[in-house]
Amino acid sequence: MWERGWGEGLRALVRACRTQRRESSSEKKKLSSPAPHWRKIPLRQTSNGGQLEGTDMVYDHLDSPVGKLLLAAEDGGLRYIGFELGRHPVWIGDDWRRDAAAFSAAREQLTAYFAGELTEFDLPLAPHGTPFQLGVWSQLRNIPYGATISYGELAERVGDRSASRAVGAANGRNPLPIVVPCHRVIGADGSLTGFGGGIATKKFLLEHEQKYAAFTLT
C-alpha cells in the first residue's frame, strides 16, 4: 500500500512539473513576441544589426505600391527603409523627430522609381553594419536595374564564393531595401528566396523592374 501510494504521488509530481514547464514555456513565448511595427518605444541598436541608434534620428512615412514604408535618417543620410510588415521591424523611438522635409529627395526618387521613371537612386546613405555587411550592401548597388544574380555570385563578388550563406544573412539584414536592391538576389535555381518585405513584395519589385527595363534598354 505504501509503495503504491508513493508511486502514485511520484507520478502526480511528475505530471505537475510537466504542466508547470509547459505553462512557463507558453509565458516565455508571449513575452518574446515582437512588439507592433513602428510602435513608439525607446530604441537603441548595436552596429551589427538590431535596433537603431543615433543622436538625431528623424523619420517619416511614405505610401507606396508595396505598402506604407518607414523612412529614417540621421545626419542627413538615409539610415533605414522599413516595410510595414517586414521581418525585421524597427520601431520609432521616443526621441525620434518626425520631419517630412528631411525626406523630400527620398520621397521624390522612390515615387519616380515606382512610376517606372527612375532606375538608379542618388541619395546620401548612412547604413550601420559590420565591415562584412557593409561590403555586401555595397556590392548590391552594382546589380543593374532589371537584372538578378544568385547568392553564390554575390559571394564571389564580395571575395569568397564559399561564403554564400553569410552573404545571404547580410543580404537579409540590408537596412535600405529598394534603394540598395537586395531584392535582385535570388536562389541559384531562380527561386525567390527570403526577403525582408516578404516574397510577394520581392516578386512585385522584380516584375516591376523587368517591365520598365525593356523600355530603358531600347
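The values are calculated or read from the model by the stated rules, or taken from the named source; none is laboratory data. None of these values were measured; they are calculated from a predicted model. Quick reminder, even Gly has a Cβ in these numbers, built from the backbone with ideal geometry, and neighbours come from all protein chains shown.
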Only listed residue being surrounded by fewer than 15 Cβ atoms within 10 Å (Cβ to Cβ) and in contact with a strand residue (DSSP E or B) (Cβ under 9 Å, 6 or more places away or on another chain), chosen from Asp95, Asp122:
Asp95
Test: Arg107 is basic (Lys, Arg) and closer than 14 Å to Leu78 by Cα
yes
Of (1) within 15 Å of Ile81 (Cβ to Cβ); (2) in a helix (DSSP H, G or I), Leu123 satisfies all except one. Which?
(2)
Output the qualifying pairs, or none if there are none: Cβ atoms under 8 angstrom, residues six or more apart or on different chains, first residue in segment 116-131 and among the acidic types (Asp, Glu), second residue crowded, with 16+ Cβ neighbours inside 10 Å and part of a loop (DSSP other than H, G, I, E, B).
Glu120/Tyr145
Answer from Arg184, Arg161, Arg157 - the residue that is surrounded by 13 or more Cβ atoms within 10 Å (Cβ to Cβ), out of contact with any strand residue (DSSP E or B) (no Cβ under 6 Å at 6 or more places or on another chain) and touching a residue at least 40 places away in the same chain (Cβ under 8 Å)
Arg184
All positions within segment 200-218 that are β-branched (Val, Ile, Thr) and at pLDDT below 90
Thr216, Thr218
Output the residues belonging to segment 165-195 that are more than 16 Å from Ala147 (Cα to Cα) and modelled with pLDDT under 90.
Gly194, Phe195
Check segment 181-196 and report whether any residue there is outside any loop (DSSP other than H, G, I, E, B), under 18 Å from Arg79 (Cα atoms), out of contact with any helix residue (DSSP H, G or I) (no Cβ under 7 Å at 6 or more places or on another chain) and of a type in the set (A, V, I, L, M, F, W, C).
no
Enumerate the pairs (first residue in segment 77-99 and in a strand (DSSP E or B); second residue anywhere and surrounded by 14 or more Cβ atoms within 10 Å (Cβ to Cβ) and basic (Lys, Arg)) with beta-carbon separation below 7 Å, excluding pairs fewer than 6 apart on the same chain, so at least 6 apart or on different chains.
none
Given the conditions (1) more than 26 Å from His61 (Cα to Cα); (2) in contact (Cβ under 8 Å) with a residue 40 or more places away in the chain; (3) among the aliphatic types (A, V, I, L, M), report the number of the one that Leu140 does not fulfil.
(1)
Inside segment 130-147, can you point out the residues that are part of a loop (DSSP other than H, G, I, E, B) and either more than 19 Å from the chain's Cα centre (by Cα) or surrounded by fewer than 18 Cβ atoms within 10 Å (Cβ to Cβ) (or both)?
Thr130, Arg141, Asn142, Pro144, Tyr145, Gly146, Ala147
What number of residues in segment 98-108 are surrounded by 13 or more Cβ atoms within 10 Å (Cβ to Cβ) and either basic (Lys, Arg) or farther than 13 Å from Leu71 by Cα (or both)?
1
